[in-house]
Amino acid sequence: MANKQTSEGLNTKLSLVFRSGKACLGFKSTLKALRSGTAKLIILSNNCPMIRRAQIEYYAHIAKVSIIFYNGNNIALGTACGRLHRCSTLAILEQGDSDILQTEA
């Protein structure tokens, strides 16, 4: 039950980020954000491929960016972002009105 509440809380924070802040979806744009130093938080779905997960974890460790492992799959993560397509990785660039960086990171 606690996982359900944290997942619901993360979903609402993600929707607030997409309304008021900036985020980039997808593997390539997440890597670009990590390399350029603009990423503040990384979110990975639970069915992200292991090679991609390892690569993003490596770049995030170098850039000292925290990672949240989303409890749902890539379809649920895309829906939480307000998109109609799948998304296994995303990077938060600006949090906007959300407090996702303080509570989750």
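The values are calculated or read from the model by the stated rules, or taken from the named source; none is laboratory data. The shown structure was predicted, so the numbers you read here are calculated from the model rather than taken from an experiment. Note that each Cβ is placed from the backbone with ideal geometry, even for glycine, and that neighbours are counted across all protein chains shown. The protein model used for the area step is the full one, side chains on, heavy atoms only, and it has no ligands, DNA or RNA in it. Shrake-Rupley method; radii C 1.70, N 1.55, O 1.52, S 1.80 Å.
State whether the residues of the stretch 57-75 include one that is in contact with a Leu (Cβ under 6 Å, 6 or more places away or on another chain), of a type outside the set (A, V, I, L, M, F, W, C) and open to solvent by less than 20 Å² (accessible area, probe 1.4 Å). Among the residues of the stretch 57-75, at least one is in contact with a Leu (Cβ under 6 Å, 6 or more places away or on another chain), of a type outside the set (A, V, I, L, M, F, W, C) and open to solvent by less than 20 Å² (accessible area, probe 1.4 Å), which makes the answer yes.
Looking across the stretch 51-71, the residues that are of a type outside the set (A, V, I, L, M), closer than 15 Å to C87 by Cα and in contact with a strand residue (DSSP E or B) (Cβ under 8 Å, 6 or more places away or on another chain) come down to R52, R53, F69, Y70. Of the residues making up the stretch 78-105, those that are closer than 12 Å to F18 by Cβ and of a type in the set (A, V, I, L, M) are A80, L90, I92, L93, I100. Scanning for something open to solvent by 80 Å² or more (accessible area, probe 1.4 Å), more than 16 Å from Y70 (Cβ to Cβ) and touching a Leu at 6+ places or on another chain (Cβ under 9 Å), does the stretch 38-49 turn up at least one residue? Yes, the conditions are met somewhere in the stretch 38-49.
Sort through R86, R19, R35 and tell me the only one that's surrounded by 15 or more Cβ atoms within 10 Å (Cβ to Cβ) and of a type in the set (D, E, K, R). Spell out how you get there, then give the answer.
Working: R19 fails: surrounded by 15 or more Cβ atoms within 10 Å (Cβ to Cβ); R35 fails: surrounded by 15 or more Cβ atoms within 10 Å (Cβ to Cβ).
Checking each option against the conditions leaves just R86.
Considering only the stretch 89-101, state which residues are open to solvent by less than 20 Å² (accessible area, probe 1.4 Å), polar (S, T, N, Q) and within 13 Å of C24 (Cα to Cα). T89, the sole residue that qualifies. The criterion of at least 1 residues that are touching a residue at least 60 places away in the same chain (Cβ under 8 Å) is met by the following helices (runs of 4 or more DSSP H) wholly inside the chain: 2-20, 27-36, 74-80, 100-104.
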